[in-house]
Amino acid sequence: MGHEGIGARVARKEDRRFITGEGNYTDDIPIKHAHHAVFVRSPHPHARIRGIDTAKAAAAPGVVGVLTGAQLADDKVGNLICGWMIHSTDGTPMKMGAWAPLAHDVVRFVGNAVAVVVAETKNQARDAAELVEVDYQELPAVVDVAAAQAAGAPQIHPEAPNNTIYHWAIGDQAAVDAAFSRAAHVVDLDLINNRLVPNAIEPRAATAVYDRAEGHLTLHTTSQNPHVTRLVLSAFVGLAPEHKLRVVAPDVGGGFGSKIFIYPEETVCLWASRRLGVAVRWTADRTESFMTDAHGRDHFTRAEMAFDAAHKIVGLRVKTIANLGSYMSTFSSSVPTYLYATLLSGQYDIPAIHAQVDAVYTNTTPVDAYRGAGRPEATYVLERLMEIAAKRFGLDPAELRRKNFITSFPHQTPVIMNYDTGDYGASLDAALAAARYADFPKRRAEAKARGKLRGIGLSCYIEACGIAPSQAVGSLGAGVGLWESAEVRVNPVGSIEILTGCHSHGQGHETTFAQLVAERFGLPIDNVSVVHGDTDKVQFGMGTYGSRSGAVGMTAISKALDRVEAKAKKIAAHLMEASEGDVELKNGEFSVVGTDKKIAFGNVALAAYTAHNLPAGTEPGLKEGAFYDPLNFTFPAGAYVCEVEIEPKTGEVKIVQFTASDDFGVLINPMIVEGQVHGGLAQGIGQALLEGCVYDKGSGQLLTATYMDYAMPRARDLVSFTVSTTETPCTTNPLGVKGCGEAGAIGSPPAVINAIANALGVERLDMPATPQRVWAAIQASRMPAAAE
């Protein structure tokens, strides 16, 4: 057996079934006599429901039920919730408007579900849904984040005057004001962080089955955290007691945050199955996904950065309006507050920071965490300011950053975070060297000779992963703990099952978690199976998001492995008549140091279960569990360099080089890490150049509801990335890991926009930098076309 432990570039075990078409997704689950649900959705962004006539639909062929919000309310099914409480600066709690799974009085965005049709076939349900007649009284709507708080704006929820959910702040305003008053230079910028649609390759889906005899509900669903889904559906929505509700998240085709949340559709499917007495299946079509999957980003920000005469940062002032859409999604309140403003120090030693955030309602799809969740928005603010500051000061952007790097650890920022370790200069040096940064002027001159504009842009990011500890996040408003659980079961023949509360939907857990076992016990990874995603099999866990599975989930596994190893050593020592302290475990065998005595791991496991010869007082079996609550976040960081070439006649941008140097601490599987970085870079570049969710300000209609209108990055839009890593192991978990899943999406957008701005010689350029927008910037700057 070759090396398969920590650091090995092992091919992903799970890919065997995925690349052969044997994946088992929610829509693949065979359910006997399953019926199909189709939702009736509002065509209006804001309207009062005066009545719903379901008679024609109910009489249509194959229909077994047409259900509305009134019936849902009659059955006392509760509203959806936001699970993170934020208080405004005046101490008042956030203004959470009611979100019924089926609207029965007012609809607040295009796509808001008002009824569901359940029929024997999907086509029958679709046809019948067309027969449902809803009488709407249209109301004025607002979709623009900047206009939501304006005088006279339509009131979306009665609970939230001026559509303001909270007015929140962090940092020392007096210290920041003082820093600005004595500053030698102030750089300011207005920024828009564009709204995005997650676009996981597998759309959301749910299959609900009610066992009338047992009063038990089972939900198969596309969830990143099935245990939290069960908790919310049981404790808050009130569909069933937890022991009468099983939630299974099988193979899930990507999530990017959008599958963390509890949505109306799975809630309604469970309720409809119980009410109608049939199994109910629903899978979103792609336009439904565009309209109803939680969107991401959508910030309007005014930022100012103060410098002293030596160009050291002395203060940062940020004011952000965050669009949370029509309702508060499960964790939406935390994204523009504790996941955003707490990262506004970035990699820089900034002595004074103050941020204000207003979260507002608009008549748009709810907004929540999307890959990076607050960290990309914070990085974009900082890195755009740093690039503009360097331009105004006439300094090399790399050297301005280096001048302001944090160099001593641990480092306490003014906005809560305490960085345990890092070496930001090492990442920057690696990125600059790989990008041949010093030779860029030659490449720019060569491009100019060909009639092209060439630019280079930097981005130095930091993120916080593995949100913790639970006591701390609880004090900040989190409704759940953010620990993780694990159970290690050693079977009598020595194979191992890892049961984890994390969920894998593209991260490669079935491989990396097995590698941890291989490292510890010297067993082949094919002897290890990973069980996740089923609340009836796995003890309570918190799921996968925020790049937490390595730092938190694997540490829980490591703790359970410690306990398994301790018991197994005790048994092995007894069998070999040796002192427990003299026994070591290597390469799948226990041996006595200094002797030729040894016994295979599988034989020790068998002895544990036959229980014929165990040490006195030792229980049979070999199975241990553990919970792990982190002491702190982990703080991955890195430096990115993007180089672009622009055709000035059309504004078309071509990325010609992209270099990434990341510090993720200890790498479990470098190949999987590289894949995660590549995927994140593709998404970040997509935001910077192509993607943008657009609502018509007049009608409130979603204009980008198909792939004809919403541009996704394709292979031709990207370049072969140059990626590398530096390593400063995390000091707050025993594995030294930090998290890597979101980094690419965090650091890449400002690098791309900085490169384009550098090519054009401009400061302000909003995402996405489409050819039209870039061409307009060229004209506005009155730059002579390079080809002329």
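Residues to consider are E580, E643, E647; find the one that is charged (D, E, K, R) and over 43 Å from the mean Cα position of the chain (by Cα).
Working: E643 fails: over 43 Å from the mean Cα position of the chain (by Cα); E647 fails: over 43 Å from the mean Cα position of the chain (by Cα).
Checking each option against the conditions leaves just E580.
Filter the stretch 497-517 down to the residues that are surrounded by fewer than 24 Cβ atoms within 10 Å (Cβ to Cβ) and within 30 Å of H612 (Cβ to Cβ), then identify the one that is farthest from the chain's Cα centre (by Cα).
Taking the candidates together, the pick is E497.
If you check every pair at least six apart or on different chains, which have Cβ atoms under 7 Å apart with a residue in the stretch 438-451 that is over 17 Å from V653 (Cα atoms) first and a residue that is surrounded by 13 or more Cβ atoms within 10 Å (Cβ to Cβ) second?
F440/I456
Taking the options P749, P729, name whichever one is part of a loop (DSSP other than H, G, I, E, B), closer than 27 Å to I462 by Cα and out of contact with any Ser or Thr (no Cβ under 6 Å at 6 or more places or on another chain).
Working: P749 fails: part of a loop (DSSP other than H, G, I, E, B).
Of the residues listed, the single one that is part of a loop (DSSP other than H, G, I, E, B), closer than 27 Å to I462 by Cα and out of contact with any Ser or Thr (no Cβ under 6 Å at 6 or more places or on another chain) is P729.
With respect to the numbered conditions (1) over 30 Å from R126 (Cβ atoms); (2) in a loop (DSSP other than H, G, I, E, B), which one is the sole condition not fulfilled by V278?
(1)
Any idea which of (1) surrounded by fewer than 24 Cβ atoms within 10 Å (Cβ to Cβ); (2) without any contact (Cβ under 8 Å) to a residue 40 or more places away in the chain; (3) touching a strand residue (DSSP E or B) at 6+ places or on another chain (Cβ under 9 Å); (4) not charged (D, E, K, R) is the one L233 doesn't satisfy?
(1)
Given (1) out of contact with any strand residue (DSSP E or B) (no Cβ under 8 Å at 6 or more places or on another chain); (2) closer than 24 Å to P729 by Cβ; (3) crowded, with 17+ Cβ neighbours inside 10 Å, where does M671 come up short, assuming only one miss?
(3)
Scan the stretch 740-747 and give yes if some residue there is open to solvent by less than 40 Å² (accessible area, probe 1.4 Å) and closer than 15 Å to L385 by Cα, otherwise no. Walk me through how you get there before you give the answer.
The first filter runs over the stretch 740-747 and keeps only residues open to solvent by less than 40 Å² (accessible area, probe 1.4 Å), leaving 740-747.
Restricting the remaining residues to those that are closer than 15 Å to L385 by Cα gives 747.
Yes, because at least one residue in the stretch 740-747 is open to solvent by less than 40 Å² (accessible area, probe 1.4 Å) and closer than 15 Å to L385 by Cα.
Filter the stretch 518-540 for residues that are open to solvent by less than 10 Å² (accessible area, probe 1.4 Å) and within 20 Å of F256 (Cβ to Cβ) and give the result.
If the condition is that a residue be open to solvent by less than 10 Å² (accessible area, probe 1.4 Å) and within 20 Å of F256 (Cβ to Cβ), then G533 is the only one that fits.
I'm checking my understanding of the structure. Among residues of the stretch 710-725 that are surrounded by fewer than 13 Cβ atoms within 10 Å (Cβ to Cβ) and over 22 Å from the mean Cα position of the chain (by Cα), which one is nearest to V656 (Cα to Cα)? Full working, then the answer.
Of the residues in the stretch 710-725, the ones surrounded by fewer than 13 Cβ atoms within 10 Å (Cβ to Cβ) are 714-716, 720.
Narrowing further to those that are over 22 Å from the mean Cα position of the chain (by Cα): 715-716, 720.
Numbers: A715: 13, R716: 11, S720: 9 Å.
Result: S720.
Across the stretch 69-91, which residue is nearest to the chain's Cα centre (by Cα) among those that are without any contact (Cβ under 8 Å) to a residue 60 or more places away in the chain and open to solvent by 20 Å² or more (accessible area, probe 1.4 Å)? Reasoning before the result, please.
The first filter runs over the stretch 69-91 and keeps only residues without any contact (Cβ under 8 Å) to a residue 60 or more places away in the chain, leaving 69-70, 73-74, 91.
Then drop every residue that is not open to solvent by 20 Å² or more (accessible area, probe 1.4 Å), which leaves 70, 73-74, 91.
On the way: A70: 34, A73: 32, D74: 36, G91: 29 Å.
Restricting to residues being without any contact (Cβ under 8 Å) to a residue 60 or more places away in the chain and open to solvent by 20 Å² or more (accessible area, probe 1.4 Å), the top hit is G91.
Could you check Q356 against (1) under 20 Å from I86 (Cβ atoms); (2) touching a Pro at 6+ places or on another chain (Cβ under 9 Å); (3) polar (S, T, N, Q) and say which number it fails?
(2)
Considering each of D190, D144, D177, D135 in turn, give the residue that is assigned to a helix (DSSP H, G or I) and farther than 30 Å from Y25 by Cα.
Working: D190 fails: assigned to a helix (DSSP H, G or I); D144 fails: assigned to a helix (DSSP H, G or I); D135 fails: assigned to a helix (DSSP H, G or I).
Step by step, each of D190, D144, D177, D135 is checked, and only D177 is assigned to a helix (DSSP H, G or I) and farther than 30 Å from Y25 by Cα.
For R50, only one of the following conditions fails: (1) of a type outside the set (A, V, I, L, M, F, W, C); (2) over 30 Å from G698 (Cβ atoms); (3) open to solvent by 50 Å² or more (accessible area, probe 1.4 Å). What is its number?
(2)
Looking only at residues that are over 30 Å from G543 (Cα atoms) and hydrophobic (A, V, I, L, M, F, W, C) in the stretch 606-630, which one is surrounded by the most Cβ atoms within 10 Å (Cβ to Cβ)?
Among residues in the stretch 606-630 that are over 30 Å from G543 (Cα atoms) and hydrophobic (A, V, I, L, M, F, W, C), the one surrounded by the most Cβ atoms within 10 Å (Cβ to Cβ) is A608.
The values are calculated or read from the model by the stated rules, or taken from the named source; none is laboratory data. Note that the structure is predicted; figures quoted are calculated from it, not measured. In this analysis, Cβ positions are derived from the backbone assuming ideal geometry, glycine residues included, and neighbour counts consider all displayed protein chains. Ligands, DNA and RNA are stripped out before the accessible areas are found, and what is left, the full protein with its side chains, is counted by its heavy atoms. Shrake-Rupley method; radii C 1.70, N 1.55, O 1.52, S 1.80 Å.
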